[in-house]
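**Q** Dropping the structure in here first, questions after.
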Amino acid sequence: MKIREVHIRHWDIVFLFSFDTDDLESILDALLWADAPDSIIQHVSENVLAGEWDEGFTFSNPSLRRTVFAASEATSGPEMMDTVVHEIIHICQHIALEDGIDPFSEKFAYLGGDISRTVSDVVCVLSCPHCSGA
């Protein structure tokens, strides 16, 4: 599993990429850091232990301005990209809701780009095994 911690617009995000069942403890630690409720922890535990590929989740705690993003191992580069984009949109929605950003605005679109840029090197490598990440 690859982990990336970023700070964007007064918001802390932990990205967990390419997780499998062996990474459950690290995922739960991240959720505890974000003060996730027991119901979320239970739900995520069940999903991670199911061992499905091409899965992801995002949990945000607006009061702490913390988000946990997780994407499982993928069956292909396009599947990894699909999961990453899907979950980044959720992160943008959570931040926009808290900060009063119009989801149809340029500010919202730039937020997605800002977040994507912070993890682009990891996503490139995971999406294309021939990519150098440069």
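**Q** Which three extents, in whole angstrom, do the alpha-carbon atoms of the chain cover along their principal axes, largest first?
**A** 38, 37, 21
**Q** Which order do the peptides 117-127, 98-108 take when ranked by the mean count of other beta-carbon atoms within 10 Å per residue, highest first?
**A** Highest-to-lowest ranking by the protection proxy: 117-127, 98-108.
**Q** For the chain, what is the mean residue ellipticity at 222 nm derived from helices alone (per DSSP H run of n ≥ 4: -39500 (n - 2.57); sum divided by total residues; nearest 500 deg cm²/dmol)?
**A** So the helix-based figure for the chain works out to -17000 deg cm²/dmol.
**Q** How would Glu52, Glu87 line up from fewest to most surrounding beta-carbon atoms within 10 angstrom?
**A** Glu52, Glu87
**Q** Using a Gaussian network model on the chain with a 10 Å cutoff between Cα atoms, which of Ser72, Ser26, Ser18 fluctuates the most?
**A** Ser26
**Q** Tell me, what HN-Hα J-couplings in whole Hz come from the Karplus equation 6.51 cos²θ - 1.76 cosθ + 1.60 at θ = phi - 60° for each residue of the stretch 34-50, using x for Gly and Pro?
**A** So the J values, rounded to whole Hz, are 8, 6, 5, x, 4, 5, 5, 4, 5, 4, 5, 4, 4, 5, 5, 5, 5.
**Q** Against the 2.2 N^0.38 Å scaling, with N counting residues, where does the stretch 31-84 land? I'd like the Cα-based Rg ratio to two decimal places.
**A** Taking N as the residue count of the stretch 31-84, the ratio is 1.22.
**Q** Gaussian network model of the chain, Cα springs within a sub-10 Å range: biggest mean-square fluctuation belongs to which of Ala71, Ala36, Ala50?
**A** Ala50
**Q** Just subtract the alpha-carbon distance of Ser105 and Arg9 from 0.36 nm times their residue separation and send over the number in nm, one decimal.
**A** 32.9 nm
**Q** Further question: How high is the relative contact order of the chain, in percent, with contacts defined as C-alpha pairs under 8 Å that are six or more residues apart?
**A** 22
**Q** Further, regarding this structure: Percent antiparallel among DSSP beta bridges with both residues in the chain, to the nearest 5?
**A** Close to 65 percent.
Just so you know, all these numbers are worked out from the coordinates, no wet-lab data involved. No experiment lies behind these values; they were computed from the predicted model shown. Cβ atoms come from the backbone with ideal geometry, glycine included; neighbour counts cover every protein chain shown.
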